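As structure tokens, the structure follows; a few thoughts come after it.
The values are calculated or read from the model by the stated rules, or taken from the named source; none is laboratory data. Note that the structure is a prediction, hence the values are computed from the model and not measured. Cβ placement follows ideal geometry from the backbone for every residue including glycine, while neighbour counts extend to all protein chains displayed. For the accessible areas, the whole protein counts, side chains as well, though only heavy atoms, and no ligand, DNA or RNA atoms are used. Shrake-Rupley method; radii C 1.70, N 1.55, O 1.52, S 1.80 Å.
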Amino acid sequence: MNKNNQPAWLNNAIFYEIYPQSFNDSNGDGIGDFQGIIEKLDYIKNLGCNAIWMNPCFASPFGDAGYDVSDYYSAAPRYGTNEDLRRLFGEVHKRNMHILLDLVPGHTSVEHKWFRESMKAEKNQFTDRYVWTDSIWEEPQGMGCIRGISDRDGSCAVNFFSHQPALNYGFYKPDPDKKWQQSMDSEGPKASLEELKNIMRFWLGMGCDGFRVDMAGSLVKHDEEGKGTIRLWQNVREFLNQEFPQAAMVSEWGEPDKSLQGGFHMDFLLHFGPSHYNDLFRCEEPYFSNRGKGDISEFVAKYKENYEKSERKGLICIPSGNHDMDRLARLIHGDNLKIVFAFLLSMPGAPFIYYGDEIGMRYVENLTSVEGGYNRTGSRTPMQWDDTTNAGFSSAPKEMLYIKQDESVDRPTVEAQMEDENSLYNEIRKIISIRQAHEALQSNAEIEFVYAEKNAYPFTYLRSGEREKILVILNPASREETFECEYDLKKKIYGFGGEISVEGNRIVIPACSVGFYKI
Ligand code: NOJ
């Protein structure tokens, strides 16, 4: 454990997100699998990543890419068996890496046996496992619902798509006039929570290193300030402290001040919620585009607020992207992608690289939705390894791929980028090795923003470790920029683009360039 009560390995963890169905198909059936992932672990390690987050890999009808679980205790047969998954954990550990599974605590698939039982009119062990009203004519207020498909007289709340019924962890303040709203301490919600711990116990016991937790802030209902949900996760934290103190917990919550109170180690900034994450790479004028018309100031203001509220713990993860948002390379192009990674890899908290972002994989436009992807489908296409059949993803005939691939002739591939010393892939490797060699650039070292003005460039911050301080200067704009600086730039440890120079008390940063300096 380190000073922030995290498993020590998180301090220099660099995550690689694997979307298992699209990563590597080892048996030629057109869909990725565990063995395929095992075969690419050396690739991930060689890039410099030492940790993996794998999207849901459990039994599921895949109406939401596996976020609709039908059995929490079984691997999806299309990926392999539980034993194959155990083998994957072993192979990860052999390489001194760690792996987080994706835990979906809030809802199941309608096909889950708990839900089938819960739909029955006769009372049984699963009657209170989900959030049901007590009449088909009453809808759960503020939530979507499933109605009219059960013998049971009631409507069942849903969390996301209408085939994802909400598990019952209770209401923060149940309405006394609505008997179906159960308190967090009633039997049904308590049983759901114990079952959640059993699921965690099962996979942690088998060797996974922790979880990324789906919609972690949404479990207790009518809980606007998150107080009930925080209490629930504190209960989970006690269980983990006793049984699995080394397990790492990363939340999809987007409000670090709350999630960290709940005992999570890190929280994501995301494309929804108040973080201004989209200002960076995904809005009309992204800050990191070379057009140089973006604004970083609101992102920084929100970041600082979160950082202070979470007691200056460097535990906010800023992902390059993920399976829910447009590919990074949709709006950011060319060398600016390198500047993006200089930023992501020099910020506090563990960086997360979405598979394929390291080679600038593109968002594939106009795809028909696959597995509940809708507009997300274009960011979930198969990994492009080389120039062989299906870009090396699968040996299946092209029509058998479960999802279409980027078919453009100039699509980036791993093989080509490995050979090109100026590629994005090679630049990312270089920046990762710089981060790993300097404690001041890692997860828990402090950050202070030096220049992050409204509608202005460059963007500059200071990272302070126990033994050194590093000033990071980023200029994504395609024009020279300057700023006034009180620091003496002693030694350059990394740079990209033209040479940064000092003129009096001003620093001059060439167009599209980056410099990391010891001060
Ligand atoms: C967030 C996941 O990242 C997303 O892919 C999923 O559709 C929803 N949660 C529902 O589980």
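At-a-glance table
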{"quantity": "Residue ID - farthest from Ser155 (Cα to Cα), chosen from residues in region 174-216 that are assigned to a loop (DSSP other than H, G, I, E, B) and small (Gly, Ala, Ser)", "calculated": "Gly207"}
{"quantity": "Of all residues making up region 119-143, the number that are open to solvent by less than 80 Å² (accessible area, probe 1.4 Å), in a loop (DSSP other than H, G, I, E, B) and of a type outside the set (D, E, K, R)", "calculated": "11"}
{"quantity": "Boolean, Arg376 is within 16 Å of the ligand (Cβ to nearest atom) and open to solvent by less than 10 Å² (accessible area, probe 1.4 Å)", "calculated": "no"}
{"quantity": "Members of region 261-275 found to be under 14 Å from Met325 (Cβ atoms) and either of a type in the set (A, V, I, L, M) or touching a helix residue (DSSP H, G or I) at 6+ places or on another chain (Cβ under 8 Å) (or both), listed by number", "calculated": "Leu269, Leu270, His271, Ser275"}
{"quantity": "Count - residues of region 65-113 that are part of a loop (DSSP other than H, G, I, E, B) and either more than 21 Å from Lys45 (Cα to Cα) or within 16 Å of the ligand (Cβ to nearest atom) (or both)", "calculated": "20"}
{"quantity": "Pairs where the first residue, in region 210-221, is over 22 Å from Cys57 (Cβ atoms) and the second is within 12 Å of the ligand (Cβ to nearest atom) and open to solvent by 10 Å² or more (accessible area, probe 1.4 Å), C-beta under 6 Å, 6+ apart", "calculated": "Gly217/Trp253"}
{"quantity": "Only listed residue being over 28 Å from Trp9 (Cα atoms), assigned by TED's automatic domain parsing to the domain that holds Glu17, over 18 Å from the mean Cα position of the chain (by Cα) and not acidic (Asp, Glu), chosen from Arg86, Arg78", "calculated": "Arg78"}
{"quantity": "Filtered residues of region 174-217 (kept if open to solvent by 30 Å² or more (accessible area, probe 1.4 Å) and of a type in the set (Ser, Thr, Tyr))", "calculated": "Ser183, Ser186"}
{"quantity": "Residue in region 47-64 that is open to solvent by 50 Å² or more (accessible area, probe 1.4 Å), away from the ligand (no atom under 14 Å from the Cβ) and assigned to a loop (DSSP other than H, G, I, E, B) present", "calculated": "no"}
{"quantity": "Residue count, region 31-46 (criterion: open to solvent by 20 Å² or more (accessible area, probe 1.4 Å) and assigned to a loop (DSSP other than H, G, I, E, B))", "calculated": "1"}
{"quantity": "Single condition Arg237 does not satisfy, out of (1) of a type outside the set (Val, Ile, Thr); (2) in contact (Cβ under 8 Å) with a residue 40 or more places away in the chain; (3) away from the ligand (no atom under 15 Å from the Cβ)", "calculated": "(2)"}
{"quantity": "Region 240-260, subset open to solvent by 20 Å² or more (accessible area, probe 1.4 Å) and in contact (Cβ under 8 Å) with a residue 60 or more places away in the chain, residue nearest to Met325 (Cα to Cα)", "calculated": "Gln246"}
{"quantity": "Check on Arg116, open to solvent by 30 Å² or more (accessible area, probe 1.4 Å) and touching a residue at least 60 places away in the same chain (Cβ under 8 Å)", "calculated": "no"}
{"quantity": "Check on Ser443, modelled with pLDDT under 95, surrounded by 21 or more Cβ atoms within 10 Å (Cβ to Cβ) and not β-branched (Val, Ile, Thr)", "calculated": "yes"}
{"quantity": "Number of positions in region 285-323 that are open to solvent by less than 30 Å² (accessible area, probe 1.4 Å), in a loop (DSSP other than H, G, I, E, B) and not small (Gly, Ala, Ser)", "calculated": "9"}
{"quantity": "Only listed residue being open to solvent by less than 40 Å² (accessible area, probe 1.4 Å) and not acidic (Asp, Glu), chosen from Ser464, Ser395", "calculated": "Ser464"}
{"quantity": "Counted residues, region 142-170 - those being away from the ligand (no atom under 16 Å from the Cβ) and among the aliphatic types (A, V, I, L, M)", "calculated": "1"}
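To keep it simple, each residue is scored yes or no on (1) part of a helix (DSSP H, G or I); (2) within 16 Å of the ligand (Cβ to nearest atom); (3) touching an Asp or Glu at 6+ places or on another chain (Cβ under 7 Å).
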{"site": "Lys338", "(1), (2), (3)": "yes, no, yes"}
{"site": "Met347", "(1), (2), (3)": "no, no, no"}
{"site": "Glu365", "(1), (2), (3)": "no, no, no"}
{"site": "Val370", "(1), (2), (3)": "no, yes, no"}
{"site": "Asn390", "(1), (2), (3)": "yes, no, no"}
